Amino acid sequence: MKQFHRFIYPPAWPIAAKISVALVCAVLIPMIFTAYYNLQQSLNSVEAGEYRKLELLASSIASRFDQLIIDHHRVVAQVSSDRHVVDFLSASTPQQRKAQGDNLQQTIENIFRSHPDLNAVLLIDKNGQCIAATEPKFIGQNYSHIQGNFYGSSILLGETTKSPGMFFSQPVRSPSGEIVGATLLKIKGEDIWLAINPLHVGFNSDVFLIDQHGIIISHPNPSLLFHSIVTLPTQRLKYIVQKQHYDVDLIESLDIPDLKVMIKAKQPGHTTYQLPQSQKPQILGFAPLATQPWVLGVSETKAAFTAPLNRLIWLNSSSVVIVGGITAIIALLLGLSISRPIHALTVAAQALEYDNFDSDVLELHQRLAKLGHTQDDMGQLVCVFLEMAEQVRMRDQKLKMQVQELRIEIDETKRAIQVAEITENENFQHLQTKIEKLRQHQVNASEGDGGMRGMGG
């Protein structure tokens, strides 16, 4: 119990433990705070760099997309002003159109071959009826909704192919300036991304496009196509369904409020969001198009982005642990180098206190004498202690000799007192008198015997 109390009570710890803990704390605590601060700054910097990369990537793809739109506007304008196209659509009778058919078909084929990203080239009369195309399946289809709603570009669901694509439309005018029809070019949705993104964006990256209403008009995941990223009012949804011709009865909402910043964005930006059907957070960079009121986004999973960050965290943690371990070992060795002489001094002091200078203590004194040759404070302390111990020892021996002499004197005094007490006793004196008389009698008797022997002689 006492040992446990010493273990949990820091003031009772050995000095080596105190020094080790103090040194480790003095090194690790500032290091941990510094490493944490640097790690946070590094993570923020890497995160900002990743967002910036996605913004630049979105801006680059948006620029290529704008260039693609401009190029195809030029192509459709070129086709619409071609003499054979104008003559064909200006013809008032089937015979006149048939006479222009060969030249027109050659013109269409040349345009189609010179632009491999085109999916179809169509000529529409002023009633919206397709009367010439690169493929027979388009002829006879009515595209009056395109002719009547826009001349330019839009992404719609193809009525014939039922696949999303981008359409470019331009009116065809007769020499007198009358609109006699329109030229329509179509590019498949997947061909758009092949054209504007020839470089691989990333295994976990998606490029998608939203229109001015916040509706996804192009996405590599078909299940997300023609969904609004935020909830739209009912009347507005009805208007969009009627006017945009997405060939859907209801535009469902993904309800991602974090993506609201994309709608009608004027500048590149970034955000973080999560798809309803996915539990993986996504990071997104977006940029607006210059030629259309659309916004292009490039997203990737946050897990793919945080993988190098997790490695950075692991490296920082490992460095702290390694440095902490090395510091702990150095602190322990340093603590032991300080505590061992102190422990030796304590043992020697106890031996000095109990006057116990056996062989082990003498060996301890010899080790202390070696430590006394060092020039540090501990060496000086050992020297002072040894000198003090020697003086104490000499004084102790001198005191012992004085005590021994005092004891002898005391014994002799006691003996004299005892003799005096005996000699001063009456019985002793009476006995002493008897002894004297007896001695005197013996002397007299011996003298008498000698005189008689002389007379006899």
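Numbers for the structure displayed
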quantity	calculated
Candidates Thr301, Thr306, Thr271, filtered to the one that is within 33 Å of the chain's Cα centre (by Cα), free of Cβ contacts under 8 Å to residues at least 12 places away in the same chain and buried (at least 17 other Cβ atoms within 10 Å of the Cβ)	Thr306
Matching residues, the range 175-233, being surrounded by fewer than 16 Cβ atoms within 10 Å (Cβ to Cβ), assigned to a loop (DSSP other than H, G, I, E, B) and either modelled with pLDDT of 75 or more or touching a Gly at 6+ places or on another chain (Cβ under 7 Å) (or both)	Pro175, Ser176, Gly177, Glu178, Gln212, Pro220, Asn221, Thr231, Pro233
Any hit, the range 252-263, residues being more than 36 Å from the chain's Cα centre (by Cα), at pLDDT 80 or above and over 21 Å from Phe167 (Cα atoms)	yes
Those residues of the range 109-127 which are within 16 Å of Lys188 (Cα to Cα) and either in a helix (DSSP H, G or I) or in contact with a His (Cβ under 6 Å, 6 or more places away or on another chain) (or both), in sequence order	Phe112, Arg113
Residue satisfying condition, being more than 30 Å from His73 (Cα to Cα) and among the aromatic types (Phe, Trp, Tyr), within set Phe305, Phe286	Phe305
Wholly within the range 1-108, helices (runs of 4 or more DSSP H) carrying at least 2 residues that are surrounded by fewer than 14 Cβ atoms within 10 Å (Cβ to Cβ) and at pLDDT below 80	2-8, 15-80
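The values are calculated or read from the model by the stated rules, or taken from the named source; none is laboratory data. Please read these numbers as outputs of a predicted model, since none were measured by experiment. When we count neighbours, we look across all protein chains shown, and the Cβ atoms used for this are built from the backbone with ideal geometry, even at glycine.
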